[in-house]
Amino acid sequence: PFTNEWTIASGKWTQRGKAPLPQKGKAYFFPSVAAHAEIFQDIDISNYSFVTDLGLMRMKYKAYMRAYPQRPADQSFQVIEFRNANNTIVDSFKTAHYDSTRLWVSVSHHQVVPKGSRSIRVRLLSDRYNGSNNDGYHDEILLTLSVSPWVYVLVFIILFVVLRFWFKKRRKQI
C-alpha cells in the first residue's frame, strides 16, 4: 500500500505484513514509533470542475482499521477533506476512532463532492496509548469517483436543444 503518492506528515510510516495479517494483500500502513502519526494523499479532481460545480460528482470511500492486541489499544481514524483551488477545506468527513484488536473494522462513506472542490485529501491518523510502537493500522484504502446519472440526462437535454435549434435553422434556409 505504500507508494510515493503518500506524504508523511508525522511519524515514521512503513509497511507491515504480519502480527496481525493484512485485511487484503501483503502489507498495511504501519505508523511505527510515534505517539501521533499521520500520512496523507492528495487527489487532484480539478479536471472534473464542471461536473463537480454542478453538484453531479459523487465520492465513495472505504477502508479498514485495526490495532495490535494490547490494553489500552492504540487507535486509528481517518479524515477525508474536500479542498478548493486555494487548498482551503470546503467540507470534511472524519471516522470514529477505532481500536479493534480482533478484526479489521470496515469504514465507508459516500457523498456528493462539494461544489468548488478541486482536490480530495485522504488522511490516515494513528495515536499510541501503549508500548513504544504506534499500532494503529490502516489497510485497503479505496476512494472512487463517479458521475451522477443526471449528467447523462443533462447531456441528452443539451444535445436535444442544440439539434432542435440546428434543424430549425436549416429549415429556414431551405
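For Ala37, what is the net charge nearby, where nearby means another residue's Cβ is under 12 Å from its Cβ and Lys, Arg count +1, Asp, Glu -1?
-1
Find out how many positive minus negative residues lie around Ala63, taking Lys and Arg as positive, Asp and Glu as negative, among other residues whose Cβ is under 12 Å from that of Ala63.
Around Ala63, the surrounding residues sum to +3.
Rg(Cα) of the range 1-150 divided by 2.2 N^0.38 Å?
Ratio of Cα Rg to 2.2 N^0.38 Å: 1.09.
Over the chain, average the accessible area per residue using a 1.4 Å probe and give it in Å², no decimals.
Working: 10500 Å² over 174 residues.
Each residue of the chain exposes 60 Å² on average to a 1.4 Å probe.
With all protein chains present, how much of the accessible area of the chain (probe radius 1.4 Å) comes from carbon and sulfur, to the nearest whole percent?
Answer for the chain is 56 percent, counting heavy atoms of protein chains only.
Work through the residues other than Thr7 whose Cβ is under 13 Å from its Cβ and net out their charges, Lys, Arg +1 and Asp, Glu -1.
Around Thr7, the charge tally is -1.
Under 18 Å between alpha carbons: how many lysine pairs meet that in the chain, if sequence neighbours fewer than 8 apart on the same chain are excluded?
Lysine pairs, 8 or more places apart or on different chains, close enough: 5.
Work out the FRET efficiency for His97 and Leu154 from their Cβ-Cβ distance, taking R0 = 41 Å, and round it to the nearest 0.05. Working shown, then result.
Working: r = 40 Å, r/R0 = 0.99.
My answer for the efficiency is 0.50.
Could you state the number of Å between the C-alpha centres of the range 110-174 and the range 1-79?
Using only Cα atoms to place each centre, the spacing works out to 21 Å.
What percent do you get for the relative contact order of the range 8-104 when only Cα pairs under 8 Å and 6+ apart count? Don't skip to the answer; put the middle values down first.
Numbers: 123 pairs, mean separation 21.0, N = 97.
Relative CO of the range 8-104 lands at 22 percent.
The values are calculated or read from the model by the stated rules, or taken from the named source; none is laboratory data. The model shown is predicted, which means the values in this text are computed figures rather than measured ones. Because the Cβ atoms are built from the backbone with ideal geometry, glycine has one as well, and the counts that use them run over all protein chains shown. Accessible surface areas use protein heavy atoms only, side chains included; no ligands, DNA or RNA. Shrake-Rupley method; radii C 1.70, N 1.55, O 1.52, S 1.80 Å.
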